[in-house]
1. Going through the stretch B:297-369, which trypsin sites (Lys or Arg not before Pro) have at most 16 other Cβ atoms within 10 Å and a DSSP loop state?
2. Give me the distance in nm between label points sitting 7 Å out from Cα along the Cα-to-Cβ direction at B:Ser124 and B:Gln238, one decimal.
3. Give me the base-10 log of I(q)/I(0) for the stretch C:128-213 at each q in 0.13, 0.15, 0.17 Å⁻¹, Debye formula, one uniform scatterer per Cα, rounded to two decimals.
4. For a Förster distance of 56 Å, can you work out the FRET efficiency between the beta-carbons of B:Glu442 and B:Lys279, rounded to the nearest 0.05?
5. Among all the lysines, which ones have a C-alpha under 22 Å from B:Lys395's C-alpha, if same-chain residues fewer than 8 places away are not counted?
6. Which of A:Asp197, A:Asp273, A:Asp341 moves the most in a Gaussian network model of chain A with Cα springs under 10 Å?
7. In percent, what relative contact order does chain C have, based on Cα pairs under 8 Å that are 6 or more apart in sequence?
8. If I take R0 = 22 Å and measure r between the Cβ atoms of B:Asn43 and B:Asp299 in this structure, what FRET efficiency does the formula 1/(1 + (r/R0)^6) give, to the nearest 0.05?
Amino acid sequence: MASTKKDPVLVVLQLSGANDYLNTVVPFTNPLYRDYRPNLGLPEDQLIQFTDDLAFHPNMAPWKEIWDQEKMAIIHGIGYENSSRSHFRSMDIWHTCEPDKVGTEGWLGRVIRDLDPTGENVLKGVNFGQGLPRAMALRGVPVTSVSDLASYGVLTDIPAIGNGEEREEMLELFSRVYSPAIGAGAVMDYLGQTGRDALKGADIIKAAPEQYTSTIEYAENPIAKSLRSVAQVHLANLGTQIFYTQYGSFDTHFNQLPTHAKLWTDVSGAVNDFFADLREHDAADNVVMLVFTEFGRRVQDNGTGCDHGRGGVAFAMGDGVNPGMYGEYPSMKAEDLMEGDLVPSYDFRGFYSTFAERWLGLDAKPIVGGEFEQLNFL
Amino acid sequence: MPSQEDIALMAHLMRRAGFGASRAELEERAARGYEATVDELLNPGADSGIDEDELYRYFPQFESSLAPVAAQTEWVYRMVNTRWPLKEKMALFWHQLFATGNSKVDNPPEMLAQVAMFREEGMSNFPNLLVKLAQNPAMIYWLDNNGNHYGSINENWGRELLELFSMGVGHYSEDDIKEASRAFTGWTIGAKPPRQPVGRFYWSFEFRPEDHDYGQKEFLGNVGNFDGDDIIDIIVKQEDTARFLARHLYNFFVADEPQVPAWNITPPNDQKAIDSLVKAYMESGADINSILRVLFNSDFFKNARFAHVKSPAELVVSTVKMAGNYNQPRTGFTQLAFECGWQGQELMNPPSVESWHTGSEWIDGGALVRRVNFAAKLLSDTSLPGVKAIVAGLKERGTLSPAEFVRACLDLVGPVEVDEGTFQELLSQAQQGGDISWDSEETSADSERRAGVMLALIAATREFQFA
Amino acid sequence: MLTTIAAGRVFDYSHCIGMYSTSGVGFLAPMDFALGSNGTVYVLNRGVDEITLRISKCTLEHEFISDIGRYGVADGQFVWPMAIALDSNENLYVSDENLNRITVMDKDGQFLNKWGDSGSDAGQLRGPSGLAVDSDDNLYVVDSMNHRVQKFTGEGQLLGGWGSEGSGPGQFCKPWGICLDGNGSVYVADWKNDRVQKFSADGRFVAEFKETSDGVGDLNRPTGVAVDSDGDVYVADWGNHQVKIYEPDGKFICSLVGDAETPSPWVQDYIDANPDVAKARRRTNMEVEWRFNRPISVKLDDENRLYVAEAVRHRIQVYTKEKEYAEAAINL
C-alpha cells in the first residue's frame, strides 16, 4: 500500500489508435481465436503464457515480469455502452467521461482541480507530449505540457540566441518585460503573470534531469523517453501527482504483425524500465500506472490487420495494485458479438473511479459524472 | 510615398482582414490607398484564391488522405498563400462561429468541404449562408439533424441555430426551438460509399419529403406551414440576430469582447460600434459584404490597433508570412498545422459547439511559451527571405543609434507598438552593442546578428501577442 | 456496361489492384508505377509525408512482397517522389521533385546510386518528374520546373535535352509524364499546356495531342502518357478524371471513365472483415467508386493491357484491348 507520507501519484499511459485486445492478452486456447485470426493469429510457441488459457503477445516479456512480481491488474472487457468506433469520438469520451454529448472538461483536469483547488502548483499535472490532451483540460486549472524536457522553456532552441549567457540575459529581460506595469490593463497583467509563471515553472522542471542519475538504461524510442522524463520529474519531488503520456499509433488496419510487435516491444520495455528506475530510487511505492486505449479492435482480421472494434483491455500497475484479473474476457461466440466486436462488460468510468477514490482519495462522482462499479485492484 | 501612419494603418487592416502582409505589400497597398484596399479585399475573385491544380500536384495527400492533419494542413496552406485574404479570413470567422468538430464528425474531408463552403459563401448574405449551413452535411451530423424526424424531433440543430448561430440566448422560447426543429425535419444526409477501403467520398444534402413535417408551426410570433428556409427567413429579420452577428464580427475583427455566454448580461465594449453594424445589417438585408465595408471603414476599427489577442491560427500564419519562408509549396506545412493545435486551436476540431474561447483565454502558460518560441525562432532567422528583407530595410536606414535601431526593428516587423517599459528594456539590450553600422563586412554581419536577436525579443513581448 | 467500343477497338475492364492503406498491402496516393518481370509491379506512393511514403512491391496477382524506401533525405529515401522507371536489369529509377535528384535502387530496394544537382544549367534539375528508359538504358527525365526534357545515361551523365518555357511547339509549361513508343519517339504530358507532345528520339517536334473540334477529346492537366504497339496513345487526363485515347495521328478515339465494379481482392477481404462497411456499401449506389479519381499514370504491358493508377483511389485499374472487333447484331 502507499506510504502515508508521500502523496499518491498516478501515471496515465494512453495507447493511441486502439490497441488490439485479442493479440495483447491472447485467448490462445479458444479455437475461435484461430478461426477469427487466420492471418493475424500469433504462433502458439511464441506466446508468453501467464494463465492456463491466456498469454501475452510474444513481445511483452517485460510485462510478464511485472505480472510475476504481482504488480499488475488486468481489466477485461472495458469500454462503455453504445461504443463509438470513431477514434476521435471514443477518445473524447474516455477523456471527458461524456458519452452522450461533446464535453469540454477532462476528467484528469477535474482530478487536478480537486487535488490542488487553489491551483498553486502548476506542476500538479504534467503531460509529456505535444499539446495538452483533453483529459487534462479544464478552464482555470494550470497544467504543464512538455514536449521535450531537455529543450523545455522560454526562448529555447533558437539558434540566434543559443543556450549560453546570452539566453540567460534574454530570460531576465523577458521576466522584466512581463512585469506588472501601472495602467497596462487586465489582459496585459494576465499575460505578464502567465509569462512569469511559465518562466518559473520551466526553471523548476528543467532542474529535474540535472539531479537525476540512474543505472537503468532506457531504450531509444519515444515512449521510453517520455517515461524516463516522468521518472525524472517524479524523483525531483516537485509535487506532481498526475502524469500523462501516450504512445502509438496502435491503429493497425494494415501490416499489424510487425507494427504491433514493435509497439509492444517499446511499451512493455519502457514501462518495466520505468518501474525498475523508481524502485532503484525507492520511489515506486506511491506510483500507480493506468494504461488504456480508446477501444479494442475487430475480432475477425481483414487480411493483414484488423479494424475498429468495441470492448478492450486496460491495465493497472504498481506496488500498490492488487494483482490479478478483473472481469471476464468477453465471449467471442458469433451470437455474442456486436457487429463483429467484443461487447464491453465493464464501464471505464468505474475504472477511473477506482483510481480517483481508492488511490487519490477524491470523491469520484463529480470527476467521472456518476457512480460506477469500482474494482478491487486498489 | 505613403506616410508612416498610412503604413501602420494598412498593417492593422491586413492583420485583421487577412493574415498580415510583408512590408513591401503594405507599402504597395498604402500607396493605392486604404479604401481602395478595403474595396479589393471585399471583392475577391470567384476562385478559391489558390491554384488548385498546383496544390494537388504538390500535395496529393490533401485530396487522398483520410487523416485530420492532412485537412488541417491544406487549410493552413490556403491561409498562408491565398490571393484573397479576407475571403480566407471569413472562412476562419465562420468556422469559429459555427464551430463544428472532427471529434464527432470524424470525417476530415467533410470538415474541409464545410470550410470550402464558408470560403465560397462567407461574403454573400447571411440568410443564404444559414441555409447552406443547415444543408451542410458535416453540420447536419455534428448537430444530429439526421436524427431529427417527423413526429420525433431532435432539437440539437434547432437549439444551436437560435442560441449560438443567430439570435443568442434569451431572445426566443423553448417552443420556438421545437417549432424550428420541426421545420428542419427531413433535412438530412444522403448515403455515400464508406471511405474505406478506396478513399474518400463526399456526403450530400438530401431532403426527404416523407420525413418532413409539413404542418403548421408558430415561430417567433409568425404562423405558417414553415420549412427550414422560412425559419431562417424569420430569424434573419430579427434585430437580435443583427446584434448577435455584429458582436461576433466586432469580437473577431475589432477588439476582444467578453466570452459569448456573458453577452446576455454584459453590454458590448462599444455600443455605438455595434449599433452601426446593426444598422448596416438591417439596411443591407443582412448582406455580409456591406456590414464588413462599414466595419473596416469605421473609426472604431481604425482606432482598435492591438486590441485583439491573436488566435493561434493568426499567430502562426502571420508569422510565417512575415518570415516569408512558406509562400510556395514545400515540406513543413504539416508542422504549422500541428503548431496551431499545440497552441490551443486545433483547426476543424474546436472543443465544442460553443467554440474556442478567444481573447486572453487563448493564453495559458504552455500556449504562451509555444507562441513565443515559435515566433522568436522564425523572426530571428536572418536567412529567411522575409527576415532578410527586414535586415535590408534596416541597412537602408544606414547607421543607427540603439534607440533608432529598436524603433526601426519595431517598425519593420509590424509596425508593432510597445509600451514605454518594454521599449526601455529593448533599448537597454540594444545599447550593449552600441550603434548599428554596415560599413564593413564584419560590422554588417554583427548588425545582422543583432537584428535577429532584437526581432526574437520583439516576438517574445506581450505586445506581439496582439493583432 | 464495362466495355468501351470505339473505332473498331474494344477496351474491356479486367480487374483492379490495390486499396487504401498506410503500409503493407495497399497504396496511398500513388504517383506512378512500373511493371517489372514476372508480373511484378512497383507502385510509388507519395503517402502523407513521413509515415506512409513508400514503394509498394507486389504482383499483378495481388501478392504483397515488400515496402521499399521511406521518407527522408538520406540515400534511398524520398521526400516528394514523382515517378519510377525500370532499366533492363530491373533497377529502379525514382525522381524526387523536392530533392532534385534521381535515386537508383536494385529491385529489392537496395540503394545503388543517386545523382542530380539543383539548378537550371544544362544537366541540372528543378522538379524532376516523369522518367522513361530507352532501349540503351538511357534515361529521359522531365525537368518540370525548368520546362524541358533532359536525357542522361543511367549514371547521370547528360546526353542532351530540349525545351523551354512556353506554349509553342517544343515548348513546355511544367511538363510531367513521359513515355517512349516502339520506335523510340518521345511523348511528353505537357501538364499546364493541357496537351501531349510527340517528339523524335532527339527532340524534334512531331505532333501534339490536344483539343478536338467537338471538345470531347480535350485534355485538362494531363499527367501521364503511354503508347501501345499499335501506336494508340493513352493519356491520363488527371484534371478530367478520365483516360483519353487517341489514334497515332492524333485523332481522338474515346474516353475511359473507370469501371472498377469488381473490387480488388484486398478490398474484398477488407469488406468481408467489416460487416458495417459491407452494409454501408449496400445502402448506396456504388457507381462513384468505379470511376477514376485522379488517374495519374498509365502504362501498357507487352499484350497491350492498359494499367491506370489513380492517386485518390489508391488502385490500378486494368483494361484489355481487342482490335478489329465485330459488333453483335443490334436486334438481338
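Each reported figure results from applying straightforward, stated rules to the coordinates on display, with no laboratory input. Predicted model, so just to flag it, every value in this text is computed and none were measured. Positions of Cβ are generated from backbone atoms using ideal geometry, with glycine treated the same way; all protein chains shown enter the neighbour counts.
1. On the way: sites: B:Lys302, B:Arg305, B:Lys310, B:Lys321, B:Arg330; in loops: B:Arg305, B:Lys310, B:Arg330.
Passing both the DSSP loop test and the Cβ count: B:Arg330.
2. 2.3
3. With no solvent term, the Cα-only Debye profile gives -0.34, -0.46, -0.59.
4. According to the calculation, E is roughly 0.35.
5. B:Lys321, B:Lys377
6. Highest fluctuation of the listed residues: A:Asp197.
7. Working: 902 pairs, mean separation 52.4, N = 332.
Taking the mean separation of contacting Cα pairs over the length of chain C, I get 16 percent.
8. On the way: r = 23 Å, r/R0 = 1.04.
Approximately 0.45, to the nearest 0.05.
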